[in-house]
Ligand code: CAA
Ligand code: NAI
């Protein structure tokens, strides 16, 4: 047999291997090959049974997601699994790597599953807005019990080889020759009558207490099921396993699958999957560019960000020297880090040993000279360009050969690079707060950054379990530059007649966890106030609140009141008075503003700025901007990110609304950006744009 499935008879056993790089996805050719191979082995008298495995690093990563939405090509995956179950001889899956989604479902059609130490089993469909579509919700309950099955499918988490054996998802863990072990299992099974397969077994479902255990597990998912249609479908489909025969259960599962697959929410989640992977490809990077080795890292500043960044390195097992200007600040910073770990230990999410080990990887030092010997320096001192330039100038000679990265939120990295004799080693590594938690890393490519330095920062980002996105230099890069547009509109909406609660509600209804004002109160309103004072900016409502001593939660009052340390704010009459005073002073006639206008004026200007960012080549792809918003600002994943959302709305609609708001308010910044206007006029979309090489 040729094609992505190979068939070889070894020692009287058919060894069927899937070979469809990069991840052995179940394309039409793989499905066809598997079905044919199963039937051939079944019919061949010289074959005692089947071993089914995968080449490369995965067993089978599941359905080919790129085929979703295209006309179906037979055989279906259900037909492939039925062919395996119809084989009169034993079939054993040899799982050396990831068996995910449809990959695990294929393995469930086998008589046994032998796993290697690097195997990972799971049903990640929930993360794509769908449910397992080829028997995962029917056979998994029959193998491991419906309570465990529903939890597995609803979490989408991968299970390690040893956990898979412990929960009964796999039969044995083989550290040595996996194929040999699978062959031995085939022989053992062939020596006796075959035990019933999962398509004819329901002892786990009829066992005493099984239904109750399932309903208890389902109850735990009730809140998510109310919010995420795929979770509701998973729960119901697993419940069906109790209530109907397998065939009917499979048909029900298929119906849920088709419905969910065609839902815009699943389309958005699939977009996220591919956008995240596309962001890892850096356009314009010469082939074969090798990242440099990073064994020692220095972080400058033990403040909010320096502390979080140091934790991110320590969490990844990379030793880090954290540097301050004086002992007191250093000790404060180290104590804060220790406290955050201690809280995790108390909560049970970190062991005491891991806490000690991570603290052991963080060394505190006073004085910049301690950066000597580092392969990478991440600067996280105060947001002042002159200070940063001075530090970069000194680092040039203190840490020769090191990559010099700034965590600046807004400032010009080209200017920092120019303060050194080796601008090719300088770039931005912009983490998001809290840096030990948030997954986004904007890697800022400055004018002279070398390909090696860029590749190294991206590689390090991945080691820290971050999602690195390469962006260009501009004020605020991608995320903060777009955020500024939203912040500006939020302030103006207050001046024109909205309340903080109405503005926040528009965004929480959209799917954000918090609105801009609740967020501002949490972060502290003085940060922006200080920046506005330093840069000559103004935000009359925000400024007036700060002048009245309302700095956010830390003063128990900001846009909201926080009586007796309450975490959720309550609306404040004083704030309403301040806002109305500002409107009056500015000569603005306040009016009722609809929720729709509020939402559109918060979201569409960000899309508009995203279009400018693309036009200027600051981001290479619209998907990169979406990834920034998903992982840096908690944009709701099921809305796919701002640029995907714009495509879903239709760019003509977005451009028309922006033009209308520009005319209504006299605010020219709301006029549609040239790229947006052009695409809208052509009936185009952001997704239709080609990656811009000049960007990254
Ligand atoms: N379909 C199509 N392409 C896929 C894919 C899939 N299921 N899984 C991965 N790929 C592609 C990626 O887009 C990427 O492509 P590029 O190199 O062009 O960017 C490439 O394979 C490598 O992927 P990763 O960068 O993610 O590789 P990794 O080694 O870091 O991780 C993996 C490997 C763990 C398998 C990971 O790719 C993964 O989790 N894949 C998705 C698994 C999944 O969701 N499966 C369920 C599919 S739905 C289903 O199966 C429904 C059903 O019931 C029938
Ligand atoms: P911070 O004020 O909490 O910490 C700064 C620390 O740097 C202080 O502890 C200070 O003592 C120290 N420091 C000052 N000069 C130094 C020097 N010469 N050498 C060593 N240490 C020095 O500030 P924060 O919030 O941690 O911000 C740091 C940088 O990170 C800024 O550039 C900021 O814009 C950026 N940033 C901040 C984010 C946030 O949410 N706070 C998010 C992303 C980036």
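Please treat every number below as a calculation from the coordinates, not as lab data. Owing to the predicted nature of the structure, the values given are computational and were not obtained by experimental measurement. Every residue, glycine among them, receives a Cβ derived from its backbone with ideal geometry; neighbour counts consider all protein chains shown.
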Worksheet item: Under the classification rounded if a/c is under 1.5, otherwise prolate if a/b is larger than b/c and oblate if not, where does the chain fall, given a ≥ b ≥ c as square roots of the Cα gyration tensor eigenvalues?
Response: prolate
Practice prompt. Mind jotting down the distance between the C-alpha centroids of segment 102-171 and segment 561-634, whole Å?
Written response: 42
Response to the item:
Taking alpha-carbon centroids only, segment 195-262 lies from segment 301-335 a number of Å equal to 48
Item to complete: Quick one: order 517, 510 by neighbouring beta-carbon count within 10 Å, fewest to most.
Response: 510, 517
Fill in: segment 292-334: relative contact order in percent, alpha carbon pairs under 8 Å with at least 6 residues between
46
Worksheet item: Relative contact order for segment 297-473: what is it in percent, counting Cα pairs under 8 Å that are at least 6 residues apart?
Response: 21
Practice prompt. Averaging sequence separations of C-alpha pairs under 8 Å and six or more residues apart, then dividing by the length of the chain, give the relative contact order as a whole percent.
Written response: 9
Fill in: Shape call, segment 270-387: gyration tensor on alpha carbons, a/c limit 1.5
oblate
Worksheet item: Looking only at Cα atoms, what is the convex hull volume of segment 297-473 per residue, in Å³?
Response: 94
Worksheet entry | Radius of gyration and Dmax over the Cα atoms of segment 176-226, both given in Å | 18.3, 49
Fill in: Mean-position separation - Cα centroids, segment 1-69 and segment 422-484, in angstrom
41
Worksheet item: If we count other beta carbons within 10 Å of each Cβ, what is the order of 686, 59, fewest first?
Response: 686, 59
Worksheet item: So what is the 222 nm mean residue ellipticity for the chain from helices alone, if each DSSP H run of at least 4 adds -39500 (n - 2.57) and you divide by all residues, rounding to the nearest 500 deg cm²/dmol?
Response: -15500 deg cm²/dmol
Worksheet, complete the sentence: The exposure ranking of 201, 270, fewest beta-carbon neighbours within 10 Å first, is 201, 270
Worksheet item: If you take the alpha carbon radius of gyration of segment 5-265 and divide it by 2.2 N^0.38 Å, what ratio comes out, to two decimals?
Response: 0.95
Worksheet item: Going by the alpha-carbon gyration tensor, a ≥ b ≥ c the square roots of its eigenvalues, is segment 514-586 rounded (a/c under 1.5) or, if a/c is not under 1.5, prolate (a/b greater than b/c) versus oblate?
Response: oblate
Worksheet item: Across bins of 10 angstrom width beginning at 0, how are the C-alpha pair distances of segment 583-680 distributed, in whole percent?
Response: 15, 45, 28, 11, 1
